[in-house]
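A.B. asks: Pasting in a structure now, in structure tokens, and then I'll have a few things to ask.
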Amino acid sequence: MEPALGRKAEHSTKTQEVETWLTGQMLIAMPAMLDPRFEKTVVLMCSHGPEGAMGLVINRLFGELNFRGLLNQFDIAMPPDLQERHVYYGGPVEPVRGFVLHSADFVRESTTIISPTLHLTATVEILQALADNQGPRQSLLVLGYAGWAPGQLEAEIQSNGWLNAPADLSIIFDEQTENKWSRALATLGVSPTMLSTDVGHA
């Protein structure tokens with residue numbers, strides 16, 4: 001599915017459907033999540049509406065690729081004092097497509113506003129800005145994304161595959177990747193030891 005970025009989800013008049021629109025929230029994989037690509041993942045939802053959903057996994061690294069390697073791929077000039085950073089695996093769809101999830105202090109014409117505190121830009125311009133230390137204050141480099149067809153994400157939530165929680169910037173932009181899943185659960189007052197495959201979802 002092509003991500004529906006730059007468009008606002010048209011909320012249904014049915015309250016039960018409106019409550020499922022999760023743009024700007026975190027999805028947290030439950031033990032019932034059988035897809036190994038999403039086991040113990042945290043996904044930041046960039047778009048969710050009647051046309052489907054699109055999100056970025058924020059707690060898995062993209063193999064051995066780092067910021068310098070990514071800049072090399074795009075032939076972007078690097079300063080001698082380049083600040084190294086991780087590159088994340090955003091999901092199984094279009095794994096060579098790049099995104100920068102970032103704080104709201106950086107806005108360009110191509111920027112998508114996910115929420116008042118979270119923006120998304122997918123251009124070479126922002127990579128150059130980051131290389132030159134002129135980019136947003138907080139950012140996450142991501143390759144690939146997770147996409148859901150209409151109704152698919154709702155079905156996975158009903159099947160106890162996901163919990164959802166408000167976005168926590170201290171988790172999203174923290175590069176301590178290994179504990180993001182447990183920290184995201186903790187925002188709901190949930191410990192991994194409390195979970196089982198038959199626990200209800202929020």
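The values are calculated or read from the model by the stated rules, or taken from the named source; none is laboratory data. Keep in mind the model is a prediction, meaning the values are calculated, not measured. Neighbour counts run over all protein chains shown; Cβ positions are idealised from the backbone, glycine included.
A.B. asks: What residue, of 149, 186, 167, 131, is within 30 Å of residue 69 (Cβ to Cβ) and either of a type in the set (Lys, Arg) or under 19 Å from the mean Cα position of the chain (by Cα) (or both)?
C.D. replies: 167
A.B. asks: In the stretch 34-45, how many residues are surrounded by fewer than 24 Cβ atoms within 10 Å (Cβ to Cβ), touching a residue at least 40 places away in the same chain (Cβ under 8 Å) and under 13 Å from residue 192 (Cβ atoms)?
C.D. replies: Number satisfying all stated conditions: 1.
A.B. asks: Same structure again: Kindly evaluate residue 90 against the criterion of being at pLDDT 95 or above and surrounded by 13 or more Cβ atoms within 10 Å (Cβ to Cβ).
C.D. replies: When the stated conditions are applied, residue 90 passes them.
A.B. asks: Okay, next question. Say whether the condition of being in a strand (DSSP E or B), at pLDDT 95 or above and under 14 Å from residue 58 (Cβ atoms) is met by at least one residue in the stretch 103-117.
C.D. replies: no
A.B. asks: Regarding residue 120, is this residue farther than 23 Å from residue 94 by Cβ, touching a strand residue (DSSP E or B) at 6+ places or on another chain (Cβ under 9 Å) and crowded, with 18+ Cβ neighbours inside 10 Å?
C.D. replies: no
A.B. asks: Out of all the residues in the stretch 105-114, is one or more among the aliphatic types (A, V, I, L, M), within 16 Å of the chain's Cα centre (by Cα) and at negative phi?
C.D. replies: yes
A.B. asks: Residue 74 fails exactly one of the following numbered conditions: (1) among the aromatic types (Phe, Trp, Tyr); (2) within 14 Å of the chain's Cα centre (by Cα); (3) surrounded by fewer than 16 Cβ atoms within 10 Å (Cβ to Cβ). What is the number of that condition?
C.D. replies: (2)
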